[in-house]
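Report on the structure given below.
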């Protein structure tokens, strides 16, 4: 094997599932993913980047948060809907008083609960991705 062969990029073949997963996120980025999956993808992305605090701040500035939450209520399990509501209540308290330690603790607990159940969200997204035509 010559020296230049070391630097050749190996072509990575994606599975059909991986292609559909990527296409799903592409549709989301273009604003073309179906509801409530689009809202679930936004929620998933924001929580993974900065927790519930980031999610509520960004969504309040971008969209109608009540519509976002309503869409999530249709797709999340009861325990995750309750978690979302608890996080939102704590967020509203923090908007009034940024130094409310109890509200900060609740937000952190809601983040932990989300991550403990993240597999549920991933499965819903995988199911949606599998419906996408490529």
* If we restrict to alpha carbons, what Rg and Dmax does the chain come to, in Å? -> 18.6, 66
* Asked: What angle, in degrees between 0 and 90 and rounded to the nearest 10, separates the Cα long axis of helix 37-62 from the longest principal axis of the Cα atoms of the chain?
  -> 50 degrees
* **Inter-site label distance for residue 126 and residue 29 at 7 Å from Cα along Cβ, in nm** => 2.3 nm
* the range 108-134 to the range 32-58: how many Å between their Cα centroids? -> 11 Å
* Give the calculated FRET efficiency between residue 77 and residue 54 to the nearest 0.05, with a Förster radius of 22 Å applied to their Cβ-Cβ distance. => 0.50
* Asked: Just from its helices, what would the mean residue ellipticity at 222 nm be for the chain, if runs of 4 or more DSSP H residues each count -39500 (n - 2.57) and the sum is divided by every residue, rounded to the nearest 500 deg cm²/dmol?
  -> -24500 deg cm²/dmol
* Asked: For the chain, modelled as a Gaussian network with Cα springs under 10 Å, which listed residue fluctuates most, 87, 103, 38?
  -> 103
* Could you work out the relative contact order of the chain, using alpha carbon pairs under 8 angstrom and six or more residues apart, expressed as a whole percent? => 34 percent
* To do: Give the angle, between 0 and 90 degrees and rounded to the nearest 10, that separates the Cα long axis of helix 16-29 from the longest principal axis of the Cα atoms of the chain.
  => 50 degrees
* Calculated FRET value between residue 18 and residue 64, using beta carbons and R₀ = 30 Å, to 0.05 -> 0.35
* If each residue's Cβ is checked for other Cβ atoms within 10 Å, how do 23, 11 rank with the fewest at the top? -> 11, 23
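Readers should treat all values here as calculations from the given coordinates under stated rules, not as data from a laboratory. Keep in mind it's a predicted model, so treat the numbers as computed, not measured. Every residue, glycine among them, receives a Cβ derived from its backbone with ideal geometry; neighbour counts consider all protein chains shown.
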